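The values are calculated or read from the model by the stated rules, or taken from the named source; none is laboratory data. What you are looking at is a predicted structure, and each value in this text was computed from that prediction instead of being measured. Cβ atoms come from the backbone with ideal geometry, glycine included; neighbour counts cover every protein chain shown. Accessible surface is based on the protein model in full, side chains and every heavy atom, while ligands, DNA and RNA are left aside. Shrake-Rupley method; radii C 1.70, N 1.55, O 1.52, S 1.80 Å.
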Amino acid sequence: MSYIIGSDVVRYACTCGILKPISKLYFCRHCLEVRCGFCVCHEVDSHFCGKCAENLPSSEARLKKNRCGNCYDCPSCHQQLTTRAATVGPKNPEDPKATPRKVFYLLCLLCRWSSRDVGIPDQSAVSGGWPERENIHANRLQEIQDMYKGIVLLDKQQKLEKDKKKQRRYMSFTDRTGITASMLRKRVGLPDIPHPLLKPKPKEPEPAVAKEDVEELPEELLTKPVNLCEVTTMEQRLVQPEWQPITVEKLFPIHKQLSVKRSQRCRSCEHNVSKPEYNPNSIKFKIQLFACFHIPEVRIVTVEPLRAGKTCELLLKFSNPTQHQTVITFLPVTLEMEETKISEQVTEDKSVVDDYLLEKKQPLSLTGTGSQPSSLLHASLSRQPSITVKPRPIAVPVVADITIPTSTFILPPRDDAAEYDDSGDTHNIQDDSKLVIWRKSNKAVVKLQVTPKEDLKIGDEVVAGFTMQHIYVNTITTVDNKEPQKCEHKVKVFVTLGNLVGSE
Amino acid sequence: MPLYEGIGAITDKLVVVIDIGAAYTKLGFSGEFSPRCIIRSEVKCKDTGRVRNIRDYENAQDLYDLLVDFVHMLYFKYALLSPKDRPVVIIESLLCPTIFRETLAKVLFCHYEVSMMLVLPSHLVCLAPLAVDTALVLDVGYTEAIAIPVCHGLPVIHAWQALPIASQAVHGNLKTLLTACNTGINSISEWTIEDIKVRCCFVTTQKRAQEFSKATPEITTCLEVKYPLEGSRTLTIPGKVRETVYEIFFEEDNDHQCMSTMILDAILKVNVDLRIKLSENIVIMGGTAMTPGFKNRLKDELYKQLKSDRYSKLKITKFKFHSPPSKDNYTAWLGGAIYGCTELLSMKGLSRENYLKENRLPDWANMKDNLRTL
């Protein structure tokens with residue numbers, strides 16, 4: 001596959017204006033638009049450990065600070081540590097019956113760092129119970145944090161009370177009778193409530209005290225030679241932000257950072273375009289609306305040597321990935337069209353500021369049809385409608401004209417069995433022989449005329465573009481529409497044809 | 001948001017605290033006492049495959065794309081949660097360029113749709129872990145050193161001092177010194193230079209520095225280091241280079257300014273009544289300040305400058321330094337994490353609705369935000 005996805009000679013224009021090869025695009029079946037990784041909304045689906053493939057619910061992952069409880073990374077080279085077993089003599093060597101004990105330690109198979117290097121005692125259980133380190137300032141910081149929380153909360157309450165007092169319009173009891181509430185409470189025999197402003201203030205820890213003396217320069221730096229093997233590198237320091245050890249004796253095994261599975265959601269219709277299966281062992285998808293399953297794929301077969309101002313032949317191969325027959329029509333590519341379309345949209349919507357199109361959408365209702373009702377139900381609880389970012393103009397210099405053929409051609413549906421059928425093609429398709437020069441099952445090769453612009457220099461990269469219109473059969477059934485619907489979908493395709501070899 | 005994310009995660013929203021520095025970005029969650037990760041502020045460009053620092057942008061559009069990729073990495077590789085509808089705390093320098101903060105806000109609000117953003121000035125929040133409200137804060141980062149006094153919880157911006165003497169200047173200096181004494185070695189990558197600086201170099205004492213500045217120093221330098229380069233070659237780092245590479249911090253430039261004068265000038269610009277208090281509450285933060293010997297040297301230099309005529313009107317007799325309960329390179333982040341777990345987020349944060357109304361971030365330099373309302 002690398003020859004297809006590795007080089008992007010054929011690029012499709014995403015709705016957001018970014019050019020990407022078809023393997024990196026999504027196709028939202030609900031709004032019938034091409035989407036890419038830039039213009040979809042990414043979401044974290046599930047947490048898992050990349051080493052032990054254990055699945056952690058997000059609340060647990062949060063509790064463990066997004067780290068796996070059992071797997072460790074090497075603090076020296078950041079590879080995974082393995083648990084090694086070793087046998088040591090029995091506790092009391094005099095006892096002849098005692099069996100040797102098994103102990104475990106951590107070892108990096110890449111750089112040979114081991115937990116014994118830094119004096120971590122061997123453990124008697126495989127899974128560890130490795131000692132954890134605590135931040136030495138934790139208590140003090142917790143106090144300070146509580147203090148700030150208290151101060152801000154008090155501030156907020158006072159503000160609220162101020163607002164409340166302002167709003168009071170009717171006469172108070174005190175004004176009428178001259179008896180205050182606290183007097184009344186005393187008479188009735190109820191305990192007095194303390195005045196809100198006299199509330200106990202949050203306990204304030206002592207502010208830090210500045211000292212006159214600071215860390216001195218360690219004398220041994222001047223006299224002792226530096227052994228680079230004993231001084232940690234920046235990477236080794238920064239993977240342990242809390243401690244940032246300076247010497248290798250203070251390195252400590254690091255809990256392995258978890259990974260996530262992501263799902264992608266179309267911003268304009270809030271449907272998933274890609275959703276992986278929950279299980280970390282599975283590489284399959286629950287939803288995969290990849291463009292290469294829905295949009296005909298274009299590949300360059302061959303192109304004549306390109307000369308400025310001279311027409312040359314270009315052979316393109318089209319293949320239909322869908323289960324439905326499609327008709328492909330060529331249309332000229334217009335880069336300017338985008339901008340006029342945008343400016344129209346902008347004038348329509350007066351509230352658009354600067355360059356963002358803020359399409360406010362209603363959250364999806366529960367009755368709405370969707371492929372995953374459970375997540376929809378949840379979505380209505382917490383999801384805010386997305387903001388649609390205005391597409392940017394397509395930034396590609398089109399320096400060659402493609403003569404747009406007037407005729408169209410048909411691509412039969414994909415049939416996996418036909419791949420192995422050598423009995424020749426049996427379909428009777430009336431083709432324009434000038435356009436279609438080869439055909440097999442769901443594929444066809446077409447011949448196009450391309451003319452690089454005259455002002456090009458030798459060695460310039462030649463990019464040509466056309467708009468491909470294909471018939472897309474939408475198989476999503478809605479309440480109103482039970483039948484699959486046919487619609488015309490347009491996508492702009494840009495082919496990089498190589499460098500100019502000469503002029504006319 | 002998937003159903004199995006749990007109800008608890010919805011009611012108690014996690015607040016991501018991000019401090020995007022010029023060289024390193026600190027990322028973590030509010031209420032925690034250390035960042036989850038400290039990573040380089042760079043992102044791999046998808047088109048060219050080149051690793052680019054996010055501050056090396058060409059224009060706003062370019063910066064937008066860089067930040068989209070960078071924030072994506074922060075959330076999905078390190079924070080591991082969806083940014084949508086979650087609040088975020090950003091710690092920034094008061095001297096952060098407008099284009100950077102505006103683009104960052106645009107990326108966070110429009111592309112990642114965070115629900116709320118609280119922007120905190122680094123010089124102010126770094127005092128939170130110390131529980132003090134008046135201090136002189138010196139931030140020695142990657143591109144520049146910035147000193148701003150904070151008085152009773154308010155940064156005194158008119159007294160700010162900034163000089164381009166920080167990591168980057170040291171890297172440049174080290175590079176010239178090393179290429180001068182190692183023939184045949186011309187290109188040493190920025191990260192190798194940093195590694196040499198961190199592992200071999202230090203700030204020497206004032207006494208030795210004075211000796212070095214003489215024509216014939218009568219001291220023995222510290223020992224040289226053989227640094228292996230690219231597997232086959234060896235770089236010799238002379239003892240003198242190891243000791244004196246940081247001297248650019250304390251050598252006065254053409255305007256007679258250096259690290260120590262910055263602090264004293266900042267104090268001079270503040271009201272007389274606060275000067276003593278500021279000099280007795282000095283907070284030094286930033287990764288470069290972690291260099292061995294740096295604080296000691298700065299203290300000595302401050303006393304030396306105090307004797308000169310420029311500062312004769314300062315009635316300061318002693319300087320006192322705070323030692324925050326954190327490593328210097330994440331002090332500001334820690335302050336942001338403490339601020340982020342209070343109600344301040346909901347009181348002062350900028351919500352998405354408000355941002356989309358005005359399409360800009362409040363800024364201290366903008367008169368619109370500085371109008372006094374009675």
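The single condition among (1) open to solvent by 10 Å² or more (accessible area, probe 1.4 Å); (2) in a strand (DSSP E or B) that B:Pro149 does not meet is (1).
Of all strands (runs of 3 or more DSSP E) completely enclosed by the stretch A:59-159, which ones contain at least 1 residues that are without any contact (Cβ under 8 Å) to a residue 60 or more places away in the chain and charged (D, E, K, R)?
Values: elements: A:67-73, A:81-88, A:101-108.
Per the criteria, A:81-88, A:101-108.
Is it true that A:Ser46 is more than 30 Å from A:Leu228 (Cβ to Cβ), polar (S, T, N, Q) and open to solvent by less than 60 Å² (accessible area, probe 1.4 Å)? Explain how you work it out, then say what you get.
Numbers: more than 30 Å from A:Leu228 (Cβ to Cβ): yes; polar (S, T, N, Q): yes; open to solvent by less than 60 Å² (accessible area, probe 1.4 Å): yes.
Yes.
Taken over the stretch B:179-192, the criterion of being open to solvent by less than 50 Å² (accessible area, probe 1.4 Å) and either touching a residue at least 24 places away in the same chain (Cβ under 8 Å) or within 11 Å of chain A (Cβ to nearest Cβ) (or both) is satisfied by B:Asn182, B:Ile185, B:Ile188, B:Thr192. Inspection of the stretch B:253-273 identifies at least one residue that is among the acidic types (Asp, Glu), open to solvent by 40 Å² or more (accessible area, probe 1.4 Å) and closer than 16 Å to B:Asn173 by Cα.
Of all residues in the stretch B:103-131, which are aromatic (Phe, Trp, Tyr) and either surrounded by fewer than 24 Cβ atoms within 10 Å (Cβ to Cβ) or in a loop (DSSP other than H, G, I, E, B) (or both)? B:Tyr112 - this is the single residue of the stretch B:103-131 that is aromatic (Phe, Trp, Tyr) and either surrounded by fewer than 24 Cβ atoms within 10 Å (Cβ to Cβ) or in a loop (DSSP other than H, G, I, E, B) (or both). Going through (1) touching a residue at least 40 places away in the same chain (Cβ under 8 Å); (2) surrounded by fewer than 23 Cβ atoms within 10 Å (Cβ to Cβ); (3) in a loop (DSSP other than H, G, I, E, B) one by one, B:Leu81 falls short only on (2). In the set (1) of a type in the set (A, V, I, L, M); (2) closer than 22 Å to A:Phe330 by Cβ; (3) open to solvent by 30 Å² or more (accessible area, probe 1.4 Å), the condition left unmet by A:Leu435 is number (3). Give B:Arg40, B:Arg55, B:Arg50, B:Arg36 a once-over and let me know the one that is more than 8 Å from every other protein chain (Cβ to nearest Cβ), in contact with a Phe, Trp or Tyr (Cβ under 7 Å, 6 or more places away or on another chain) and either under 18 Å from A:Met234 (Cα atoms) or open to solvent by 40 Å² or more (accessible area, probe 1.4 Å) (or both). None of the other options fit; the residue is B:Arg40.
In the stretch A:115-152, which residues are within 14 Å of another protein chain (Cβ to nearest Cβ) and farther than 20 Å from B:Leu334 by Cα? Result: A:Glu132, single match. Applying the criterion of being outside any loop (DSSP other than H, G, I, E, B) and either without any contact (Cβ under 8 Å) to a residue 40 or more places away in the chain or within 13 Å of chain A (Cβ to nearest Cβ) (or both) to the residues of the stretch B:135-146, the residue that is farthest from B:Arg275 (Cα to Cα) is B:Leu138. Of all residues in the stretch B:84-114, exactly one satisfies the criterion of being in contact with a helix residue (DSSP H, G or I) (Cβ under 6 Å, 6 or more places away or on another chain), within 9 Å of chain A (Cβ to nearest Cβ) and touching a residue at least 60 places away in the same chain (Cβ under 8 Å), namely B:Phe109.
In this structure, is B:His152 assigned by TED's automatic domain parsing to the domain that holds B:Ser279 and more than 20 Å from the chain's Cα centre (by Cα)? Full working, then the answer.
Numbers: assigned by TED's automatic domain parsing to the domain that holds B:Ser279: yes; more than 20 Å from the chain's Cα centre (by Cα): yes.
So B:His152 fits the description; yes.
Condition check for B:Ala209 on (1) of a type in the set (A, V, I, L, M); (2) without any contact (Cβ under 8 Å) to a residue 24 or more places away in the chain; (3) assigned to a helix (DSSP H, G or I): one failure, at (2).
When the residues of the stretch A:249-258 are narrowed to those that are outside any loop (DSSP other than H, G, I, E, B) and buried (at least 18 other Cβ atoms within 10 Å of the Cβ), which ends up nearest to the other protein chains (Cβ to nearest Cβ)? Quick ask: steps written out before the conclusion?
Step one: of the stretch A:249-258, the residues outside any loop (DSSP other than H, G, I, E, B) are A:249-250, A:254-257.
Remaining after also requiring buried (at least 18 other Cβ atoms within 10 Å of the Cβ): A:255-257.
Values: A:His255: 11, A:Lys256: 13, A:Gln257: 8 Å.
Among those residues, the one meeting the criterion is A:Gln257.
Residues that are within 14 Å of another protein chain (Cβ to nearest Cβ), acidic (Asp, Glu) and within 20 Å of A:Ile246 (Cα to Cα) do not occur anywhere in the stretch B:262-281. In this structure, B:Thr176 does satisfy being away from chain A (no Cβ under 12 Å), in a helix (DSSP H, G or I), over 30 Å from B:Pro324 (Cα atoms) and open to solvent by 30 Å² or more (accessible area, probe 1.4 Å).
All of (1) at the interface with chain A (Cβ under 8 Å from one of its Cβ atoms); (2) in contact (Cβ under 8 Å) with a residue 40 or more places away in the chain; (3) open to solvent by less than 20 Å² (accessible area, probe 1.4 Å) hold for B:Leu314 with one exception: (1).
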